[in-house]
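Computed from the coordinates by the stated procedures, all read-outs in this text should not be read as laboratory data. These numbers were taken from a predicted model, which means no experiment stands behind them. Every residue, glycine among them, receives a Cβ derived from its backbone with ideal geometry; neighbour counts consider all protein chains shown.
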Amino acid sequence: MGALRERNSAAEISTIALGIGVLFLVTPVRLVWARAEVGWGVAFGVWLGLVGLAVWCARATRREMRERPER
Amino acid sequence: MTSDAPLLAAALGYMATLFLLAHAAERGRLPTALSRHPVTYVFSLGIYASSWTYFGSVGVAEQYGLTFIAVALGPTLACLAIPVVWLPLLRLVRQYQLGTLADLFAFRYPGRLTGAAVAVFALVASVPYLAQQIRGVVSSARTLASEQSIPTLALQVTGLLALFAVLFGARHVSPRERHAGLAVAMAFASLVKVVALLAVGAFALWGVFGGVSGLVQWQEAHPEAMRAVFTPLEEGTSWGSLILLSFGAAFLLPRQYHVAFAEGPPDRWLLSAGWGFPLYLLLINLPILPILWAGQQVAPGVSADVLVLALPHAMGAAWLSLLGFVGGIAAASAMVIVTTIALASMTLNSLVLPARIEVLRHDAYARLLWLRRALIAAIVVAGYGLYLLEAQTGPLVQPGLVSFVAFGQFLPGLFGLLFWQRATRAGFLAGLGAGVLVWMATAMLPLFALSEGTPIDMAVLAAGLGMRSPDLWTVPTVVSLSINGLLFAVVSLFTRQSAAEVEAARRCADRGSAPVEVAPATSAEALTGRLAWALGQEAAQKEVERAVEALGVDRGDLRPAEQRQLRELVERNLSGLIGPVLARMVINHGASAGSDEDAALADQIRFLEERLGQRSGVLQGTAAQLDVLRRYLRSVLEGLPLGVCALGPDRSVILWNRALAVVTGVPGEDAVGLSIGEVPAPWGEALGKLAQEEQQGVDQITVRAREGQRSLRVHRAELERSALPGGAGTETAGTPNVTGAGGIASTAGTAGPAGTAGTAGTAGTAGTAGPAGGSGGMVLLVEDLTEREALQAQLIHHDRLASMGRLAAGMAHEIGNPLTGITCLAQNLEEETDTPDVRDRARMIVEQALRISAIVGSLKTFSQAGSAGSGGRARQAGVADEQRVAARVGRVPLGAVVDDAMRFVALDRMARKVTMENLCPEDLVVLGERRQLTQVFVNLLLNARDASSVRGQVIVTAQASGETATASVIDHGAGIPPDLVGRVFEPFFTTKAPAEGTGLGLSLVYSIVREHGGEVEIESQEGIGTTVSVRLPLAPPSKEDPGPSAWPASSSSKTSS
């Protein structure tokens, strides 16, 4: 009955971003960047990447609010 | 050591700046673009970084390496969850005015115990944290100045913090109102500390290492320092648990909840904070490692917790030390101020007021403010007192970590609040209670007994959990949260939710109110009375007035639906003042449960309709499909050519469709929500009477509306109660929950005659008794029969005329033959006899026979004309007659015809003397047969004359309108009784004495005019007069005619008497 959605919802994007964040921070994947050999600055680089994901989530939410204003 | 005077001056100067900024923002002296900018909101969220982050992060970095950034990475992850966690929370807080964490949990897990437990726990967990901030300020001051001034400094700073919090954190009676001054001051504090820390970091980088290359060289020369930074991350348990704790702390710490949600930011600010806040945390953490390494170089042996100050101090950069000190004051003060404000509101709503709500009965608003202010001061003093007791030793971060673990105990409850509707209050309290006990044993007690050894051996516990190096937070976090979460889940699964919990769960899941739990309608007066019990009369009236004003309705004209909205709005506003639990208690005080259950059910339907209407664009999946179905059925109901009125069990109007609005002239929006009896007259009374019937049935009623009398057939069908929200019954295919009276078609033919005006008479076949489980309300189906009945009456009239015409024709034929014989014989007798007496009698016979012949002639004329009605042969005859008339039709000046008629009438010298005046325009020309039209006006004038009194006046006027001309014969005579007006065109019907009229005059007029394609109307009022209007087709203007516009307004009058 409903048309196919063109985009993911903000909640889906948020879940994906959260998953990526958890993957890089909490799982053993963190040992890729959390090593003395790569330098402490890389940790902040990863952090900046997370900020980028947060921007993505915020943009998706903003767009969703524009398209489907709830209140 | 430097002099303590600059420190004191810097601290007091900073606090003075904070006061000035807050004051300016409150007074509107700061540009709104600044005070209400998302950046201000982002920076005010920066109060997350307290003394712990500012001073203690360097200490954590020294001990646990890169783990220190986990405290900021947790909030970063939390910000990724803004659309699924923060935004729903913000909307919930905004919608239900949940000003504190305790209010939030007491709303979802309703009960006083919930609020009290959360408030007590938050207090216990926060006061050591507050003491830590004072300790941080004092430690930093000790680093820079002599010992003597420190106690004074601590006292002064604490006093100023309390004063600031009282002045700018409790300005409004509701904590949900935005404190512009507070927000600006907190943003300023965050700005100061990030600038200070970056400045110290830059100093460390360039002042100690000589730049980035120098730092790199130092790192290469000290690989052990780099290993110390990364090794703790390899083990991972501490890192992961700290991320988890700080994830929750980002929005569960009282200060974070207050700034993020309670101050009521718009949604878009939160979205900006989604990336702005993590960026801020990144910036403030960036200089930590350079400061640590530089400190280790320059000031070995100095506690890492104070390196932010000790580093520039050791390098002789006094100004930077002072800036660093001010940054520390900013970090500590912001945390203390907002935390005490949040805790004060929590304590007031969840501990003080539930115990003594009656304190608000006099001057409620002022008392609320002063109570909150007193609590703020008391909490600051408690923090200072704990600091003075010197109970805490160990690392600076320890109380903060303990606090983080404590507020982490709310994570399972928050998960239930947002995502698990099945979670119960019992589960929440059980989980929280167990978590708190574990927290007390593993985190709180060690905090106060660190120097004497912990009661629980952490190393053993850590080994049991498989951890190599025990830290300060992992064991408490893992153990307490595991037990908490497990109990929360298990107890929730094995306990039953109360109705209030189900309702709260639905609201938290943003699914709106459960249909069975919508607040019942309560009048404004009843609400005021209930509120007065707790808040006193004055505050109660103010609250109700405020809500009425917000709804934009008239207090005296509140419908049930609006009363429900009013009740909900008052409850929400009260929730902002005194918390949701007390608000509900006050609003329900003295209400008898279930007394207005029926009204509530009707309200719910309207509420659902209203809510679905608002949200139809955002529904998804099955809900969206159901909404499509709902809108389709709604359009069917709206588009039905029959009026539909659905009533609730309390007989209030739920649905009033378009057709009914047309029939009644009452728009749907004016009717919906009213009790059916309150619908504007005369419909409320008429339909209300029918709605009182319990049985199915069909009624035919006549209603005198403003625009005329309307005849209606109303079908009643009762609804099953199971059709309503909360009904136990389920609908099976093919058996809808409406039991009608047999359907419209089957009952339509059984309707009896119309009742009298305004009365309802059961005319149709009554259906079976209402369905089992009724009454769930009623459906009224309204058919407007007015036009149909008018047409039927006209048809009956025509048929009657036609049949009389045929009868007259037959009679004329039958009478005519013998009459001819009688006349001939009488004439023969008159001529043949010589006897005068016989001759006279024969002449009399001839005269009477001629009179009979004249009557027969009239009958023939009538029969020829009157047959032009309806039905088979009559219609064919009518067509022939029309053709005949058409052959003689021509342009007839109406004024001349009336003149002729007046002359004929005036010939009767024996008749009553009246004045006749012809005001017809001379140029008004109609299409017709002149002789017949003269006959029409002769008959009308004779009637008018006979009805008028001696010296009365009869006027004939005429005017053109469109393609017709209307001539009106007006008399001021006796008039015709209303019940006889409808019969005057019937043949042989007369109001005159038997010898004075045949009753054929007006019926002849009617027939002739109809033959001409015109119409006759009669209006009469007894004692005032009668007007007969004849409408005839207007002749098209001929070449000689000047056209209608050139016609005079009235012609010269002709008078005959």
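Which of the three applies to the stretch A:10-67, rounded, prolate or oblate, going by the alpha-carbon gyration tensor with a ≥ b ≥ c and a/c under 1.5 meaning rounded? Oblate shape, in that a/c is at least 1.5 and b/c is the bigger or equal ratio. Rounded to the nearest 0.05, the FRET efficiency derived from the C-beta distance between B:A793 and B:E610 at R0 = 45 Å is 0.55. Cβ-to-Cβ counts within 10 Å put B:C508, A:C57 in ascending order as B:C508, A:C57, the fewest first.
R0 = 45 Å: FRET efficiency of B:E545 with B:E707, Cβ-based, nearest 0.05? Can you show the working numbers first?
Values: r = 40 Å, r/R0 = 0.88.
Here the calculated transfer efficiency is 0.70.
Taking only C-alpha pairs under 8 Å that are 6+ residues apart, what is the relative contact order of the stretch B:4-392 in percent? Please report the intermediate quantities before stating the final value.
Values: 563 pairs, mean separation 146.1, N = 389.
It rounds to 38 percent for the stretch B:4-392.
Using the Cβ-Cβ distance between A:S9 and B:V195 with R0 set to 35 Å, the FRET efficiency from 1/(1 + (r/R0)^6) comes to roughly 0.35.
Of B:R361, B:R227, how do they rank once you tally other Cβ atoms within 10 Å and put the fewest first?
Working: B:R361 17, B:R227 13.
In order of increasing Cβ crowding within 10 Å: B:R227, B:R361.
So, in nm, how far is label B:R983 from label B:T820 when the simple model puts each one 7 Å beyond its Cα toward the Cβ? Simple spin-label model gives 3.6 nm for this pair.
Computed over the Cα atoms of the stretch B:1-118, pair by distinct pair, the Kirkwood hydrodynamic radius stands at 18.4 angstrom.
Around the amide H of B:Q953, modelled in the peptide plane, lie the amide H atoms of B:T915, B:H972, all under 5 Å away and 5 or more residues distant in sequence or on another chain. Couplings 3J(HN,Hα) for the stretch B:660-668, derived from phi with the Karplus relation 6.51 cos²θ - 1.76 cosθ + 1.60 (θ = phi - 60°), are 5, 5, 5, 5, 8, x, 9, x, x Hz, where x marks Gly and Pro.
With both labels modelled 7 Å from their Cα along Cα-to-Cβ, the B:L640 to B:A500 distance reads 4.1 nm. The peptide list B:961-967, B:50-56, B:27-33, put in order of mean Cβ contacts within 10 Å with the highest first, becomes B:50-56, B:961-967, B:27-33.
Among B:Y632, B:Y129, sorting on how many other beta-carbon atoms sit within 10 Å of each Cβ, with the fewest leading, yields B:Y632, B:Y129. Each residue of the stretch B:415-432 was assigned a 3J(HN,Hα) from its phi angle through the Karplus expression (A = 6.51, B = -1.76, C = 1.60, θ = phi - 60°), giving 4, x, 4, 8, 10, 10, 5, 6, 4, 10, 5, 4, x, 4, 5, 5, x, 5 Hz with x at Gly and Pro.
State the extension gain, in nm to one decimal, for the chain segment bounded by B:W319 and B:A366, taking 0.36 nm per residue of separation less the distance between their alpha-carbons.
Working: separation 47, 0.36 × 47 = 16.92 nm, distance 4.49 nm.
Contour length minus the Cα-Cα distance gives 12.4 nm.
Amide H to amide H, with H built 1.01 Å from N, B:L785 comes under 5 Å of B:S711, B:L712, B:R713, counting only residues 5 or more places away or on other chains.
For peptide A:29-36, what's the mean number of Cβ atoms from other chains within 10 Å of each residue's Cβ? Numbers along the way, then the final one.
Details: counts 0, 6, 4, 0, 2, 10, 5, 11.
Averaged over the peptide's residues, the number is 5.
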